[in-house]
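Working notes, beginning with the structure itself.
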Amino acid sequence: MATPFKSVKAGQAIEQIRTGEQYIESLRGRKLKVYLFGELVPEPVDHPVIRPSVNAVAETYDLAARNPELASAQSPYTGERVNRFLHVARSAEDLVMQNKMQRRLGQLTGTCFQRCVGMDALNTLHSVTFDIDEAHGTPYHKRFTDFLARMQRHGYVIGGAMTDVKGDRGKPPHQQADPDLFVHVSRRTEEGVYIRGAKAHQTGCINSHWLIVMPTLRLGPEDRDYAIVGALPVDAPGITYVYGRQSCDTRSMEGDIDAGNRRFSGQEAMIVFDDAFIPWENVFMDGEDEFAAPLVERFTCYHRRSYVCKTGVGDVLIGAAATVADYNGVEKVSHIRDKLVEMTHLNETIYGTGVAASYQATPMKSGAYLADDMLANVCKHHVTKLPYEIGRLAQDLAGGLMVTLPSEKELGHPEVGRILRKYLKGRAEIATEDRMRILRLIENMTLGRNAVGYLTESMHGAGSPQAQRIQIARQMQIETKKRMAKGLAGIATEPPDEPAAEGTQYLDRVFRAVDGD
Ligand SMILES: Cc1cc2nc3c(=O)[nH]c(=O)nc-3n(C[C@H](O)[C@H](O)[C@H](O)COP(=O)(O)OP(=O)(O)OC[C@H]3O[C@@H](n4cnc5c(N)ncnc54)[C@H](O)[C@@H]3O)c2cc1C
Ligand code: SF4
């Protein structure tokens, strides 16, 4: 019997949430202001469109219970094992284990399981608060580690709220026609700060217990009030959530087969802060505008290699494509095998760059480890492209039926059902219903609600493609590479040991001795 969790408000003394069932209970009764289909949702956990996204987060608890080595870690703050999503990486191995956990959860859910934004925010803030304190003598790092220990003790889910709605993309926050288009401090008191504005596309926010608000871009001195980082409970007064539609999301209100993946989905919503309060103990940056850029860069460095999650989802899609080919009687045909090989090659290309970014990590002054920026950006840039090609190949193998299938109700109809079972058969020994199920899963992942996570989130989540190209360009050390070429071609050049002033150490990281060598 699960421990009953009525509500999980700040500081409330409850046991640590350890199972998916306890987690789902912990979300009940919070009286969140959530709008969906033009109405307030009385209890999000029980809404048929929302529930599959709750189930996906629940899986992050159940995996940790089943496989603690993979999905939990020893916390130096509580002295206990805590869910890996709440652990700050203290070694390259910790970062690699995050990636392995992400791949496994992608396999288990076939969608976005929503907890990585919070995990990557915690990892980022560990070093950023340390560095701000060093520069300004502020108390942020201690506040942050106290907050982290509280989150770990309770086993909470943290939503990472970075992306502002942004208005005119050509203007910084202080030049916007409406000051609320970026989240900012509206008032400071002795007790804390009040914030206004809205965050867009917020993954898993309604399924979280706490939100960490962070700036979304580099800021200047005139944007000081926008340089705010703080944590507040999801049910804090002054917060409204507007649920995002996903393609074919109402299939989750229909039958089992038509949903494609009935149990799991991702979740995004807009969060509106209408003078929501953050006490000083949960404020981790206030006005140190010069630290907004390092914060965003470190966050994206963690988060862009977190997109290894898509390789777990890719494993499912490759399996679905192979299954439909089997059901159609063509699995051994050479071009089908070759397409499965190509899908696998693309999927492992993402995985390879993601784990490489984690292996090639660097310790920060705070003791946290930061993934390799170049490789993390290369990983995420692959993710903006390769899942589309994997999806295209899956649709190729699926055949046209994946978009012309009749509904589950027809299958259950006494007269039409008989016709469908006869005419929608592939191999004689395979049940027509099973063929329909696998085609619906491919539809779900490449056109339906989980295509949000597999395709468009792959494009824009953690930054649109151009953002990665900018980071790759900054680190490509083109002058060093020109010198290498000129040297071999016999063209006179500066002495080889003269370091190029390129402001990046990527190649140094490549040639750094591997621990243990
Ligand atoms: C499914 C999903 C889940 C997400 N989850 C989260 C989350 O949990 N937390 C979070 O904080 N964020 C989240 N994001 C937000 C994500 O980081 C943003 O979508 C991304 O940063 C792009 O911002 P945008 O969507 O506003 O696109 P836009 O800014 O509107 O970009 C559209 C295009 O315009 C270009 N562009 C924009 N501004 C400029 C400029 N100044 N100069 C030149 N070109 C420009 C872009 O490169 C892009 O090609 C999520 C996004 C998605 C799609
Ligand atoms: S898109 Fe991937 S990395 Fe981001 S929260 Fe979802 S599962 Fe995690």
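Please find, within segment 453-465, the residue that is nearest to ligand 2 (Cβ to nearest atom) out of those that are of a type outside the set (S, T, N, Q) and surrounded by fewer than 24 Cβ atoms within 10 Å (Cβ to Cβ).
Only one residue fits best here, namely 457.
Scan segment 38-66 residue by residue and report those that are of a type outside the set (Gly, Ala, Ser) and without any contact (Cβ under 8 Å) to a residue 24 or more places away in the chain. Please lay out each step first, then the result.
Initial filter on segment 38-66 (of a type outside the set (Gly, Ala, Ser)): 39-52, 54-55, 57, 59-63, 66.
39, 40, 42, 43, 45, 46, 47, 66 - these are the residues of segment 38-66 that are of a type outside the set (Gly, Ala, Ser) and without any contact (Cβ under 8 Å) to a residue 24 or more places away in the chain.
Kindly indicate which of 321, 292 is among the small types (Gly, Ala, Ser), assigned to a helix (DSSP H, G or I) and farther than 30 Å from residue 344 by Cβ.
Just one listed residue meets the conditions, 292.
Is at least one residue of segment 431-438 within 16 Å of ligand 2 (Cβ to nearest atom) and in contact with a Phe, Trp or Tyr (Cβ under 9 Å, 6 or more places away or on another chain)?
First, pick out the residues of segment 431-438 that are within 16 Å of ligand 2 (Cβ to nearest atom): none.
No: zero hits.
Here's a check for you: in segment 87-112, which residue that is of a type in the set (Ser, Thr, Tyr) and either in contact with a Gly (Cβ under 9 Å, 6 or more places away or on another chain) or within 15 Å of ligand 2 (Cβ to nearest atom) (or both) is nearest to residue 300 (Cα to Cα)? Can you show your working first?
Restricting attention to segment 87-112, the residues satisfying the condition of being of a type in the set (Ser, Thr, Tyr) are 91, 109, 111.
Still in the list and also either in contact with a Gly (Cβ under 9 Å, 6 or more places away or on another chain) or within 15 Å of ligand 2 (Cβ to nearest atom) (or both): 109, 111.
Values: 109: 24, 111: 20 Å.
Restricting to residues being of a type in the set (Ser, Thr, Tyr) and either in contact with a Gly (Cβ under 9 Å, 6 or more places away or on another chain) or within 15 Å of ligand 2 (Cβ to nearest atom) (or both), the top hit is 111.
Since residue 65 meets every condition but one in (1) within 10 Å of ligand 2 (Cβ to nearest atom); (2) more than 19 Å from residue 207 (Cα to Cα); (3) among the aliphatic types (A, V, I, L, M), which condition does it not meet?
(1)
When residue 201 is evaluated against the numbered criteria (1) part of a loop (DSSP other than H, G, I, E, B); (2) at positive phi, which criterion, by number, is the only one it fails?
Condition (1) is where residue 201 drops out.
Taking segment 234-290 as the region of interest, how many residues are under 20 Å from residue 36 (Cβ atoms), out of contact with any helix residue (DSSP H, G or I) (no Cβ under 6 Å at 6 or more places or on another chain) and not small (Gly, Ala, Ser)?
Residues that pass the stated criteria total 19.
Go through segment 243-276 and give me each residue that's away from ligand 1 (no atom under 16 Å from the Cβ), buried (at least 17 other Cβ atoms within 10 Å of the Cβ) and assigned to a helix (DSSP H, G or I).
Result: 251, 252, 257, 258, 259.
Might you let me know whether segment 334-350 holds any residue that is outside any helix (DSSP H, G or I) and touching a residue at least 40 places away in the same chain (Cβ under 8 Å)?
Of segment 334-350, the ones outside any helix (DSSP H, G or I) are none.
The answer is no; no qualifying residue exists.
Check 120, 131 and return the single one that is in a helix (DSSP H, G or I) and in contact with a Lys or Arg (Cβ under 7 Å, 6 or more places away or on another chain). Explain how you work it out, then say what you get.
Working: 120 fails: in contact with a Lys or Arg (Cβ under 7 Å, 6 or more places away or on another chain).
The match here is 131.
For segment 397-456, which helices (runs of 4 or more DSSP H) that fit wholly inside it have 3 or more residues that are at pLDDT 95 or above and within 16 Å of ligand 1 (Cβ to nearest atom)? Break it down into steps so the answer makes sense when it comes.
On the way: elements: 401-404, 408-412, 416-423, 432-446.
Those helices (runs of 4 or more DSSP H) span 432-446.
Enumerate the pairs (first residue in segment 458-487 and among the small types (Gly, Ala, Ser); second residue anywhere and in a helix (DSSP H, G or I) and surrounded by 14 or more Cβ atoms within 10 Å (Cβ to Cβ)) with beta-carbon separation below 7 Å, excluding pairs fewer than 6 apart on the same chain, so at least 6 apart or on different chains.
458/310; 458/383; 458/387; 462/300; 462/303; 462/304; 462/380; 463/300
Restricting segment 189-198 to residues that are in contact (Cβ under 8 Å) with a residue 12 or more places away in the chain and either among the basic types (Lys, Arg) or in contact with a helix residue (DSSP H, G or I) (Cβ under 9 Å, 6 or more places away or on another chain) (or both), which is surrounded by the most Cβ atoms within 10 Å (Cβ to Cβ)?
Taking segment 189-198 first, the residues in contact (Cβ under 8 Å) with a residue 12 or more places away in the chain are 191-198.
From what is left, the residues that are either among the basic types (Lys, Arg) or in contact with a helix residue (DSSP H, G or I) (Cβ under 9 Å, 6 or more places away or on another chain) (or both) are 191-193, 196-198.
Details: 191: 11, 192: 19, 193: 22, 196: 19, 197: 24, 198: 21.
The selected residue is 197.
When you go through (1) within 16 Å of ligand 2 (Cβ to nearest atom); (2) not in a strand (DSSP E or B) one by one for residue 190, which number turns out not to apply?
The failed condition is (1).
For residue 115, indicate whether it is within 9 Å of ligand 2 (Cβ to nearest atom), crowded, with 24+ Cβ neighbours inside 10 Å and either free of Cβ contacts under 8 Å to residues at least 24 places away in the same chain or charged (D, E, K, R) (or both).
Yes; evaluated as a whole, the condition is true for this residue.
Return the residues of segment 216-242 that are within 12 Å of ligand 1 (Cβ to nearest atom) and touching a strand residue (DSSP E or B) at 6+ places or on another chain (Cβ under 7 Å); say none if nothing qualifies.
Listed by number, the list holds a single entry, 216.
For segment 395-404, indicate whether the set of residues that are within 18 Å of the chain's Cα centre (by Cα), crowded, with 16+ Cβ neighbours inside 10 Å and at negative phi is non-empty. Break it down stepwise before answering.
Here is the first cut: in segment 395-404, the residues within 18 Å of the chain's Cα centre (by Cα) are none.
No - not one qualifying residue is present in segment 395-404.
I need the full set of residues from segment 1-38 which are at pLDDT below 50 and of a type in the set (A, V, I, L, M, F, W, C), in order please.
Step one: filter segment 1-38 for residues at pLDDT below 50, giving 1-13.
1, 2, 5, 8, 10, 13, listed by residue number.
For segment 305-334: of the residues being β-branched (Val, Ile, Thr) and under 30 Å from residue 99 (Cβ atoms), which is farthest from ligand 2 (Cβ to nearest atom)? Walk me through it before giving the result.
Quick first cut of segment 305-334, residues β-branched (Val, Ile, Thr) only: 308, 311, 313, 316, 318, 323-324, 330, 333.
Then drop every residue that is not under 30 Å from residue 99 (Cβ atoms), which leaves 308, 311, 313, 316, 318, 323-324.
Working: 308: 8, 311: 10, 313: 8, 316: 13, 318: 17, 323: 23, 324: 25 Å.
Within segment 305-334, the match that is farthest from ligand 2 (Cβ to nearest atom) is 324.
Between residues in segment 161-172 that are near ligand 1 (Cβ under 6 Å from one of its atoms) and residues that are basic (Lys, Arg), which pairs lie under 8 Å by C-beta distance while being six or more apart or on different chains?
Final answer for the pair search is 161/199; 162/199; 163/199.
The values are calculated or read from the model by the stated rules, or taken from the named source; none is laboratory data. A quick note: this is a predicted structure, and the numbers were derived from the prediction, not measured. Note that each Cβ is placed from the backbone with ideal geometry, even for glycine, and that neighbours are counted across all protein chains shown.
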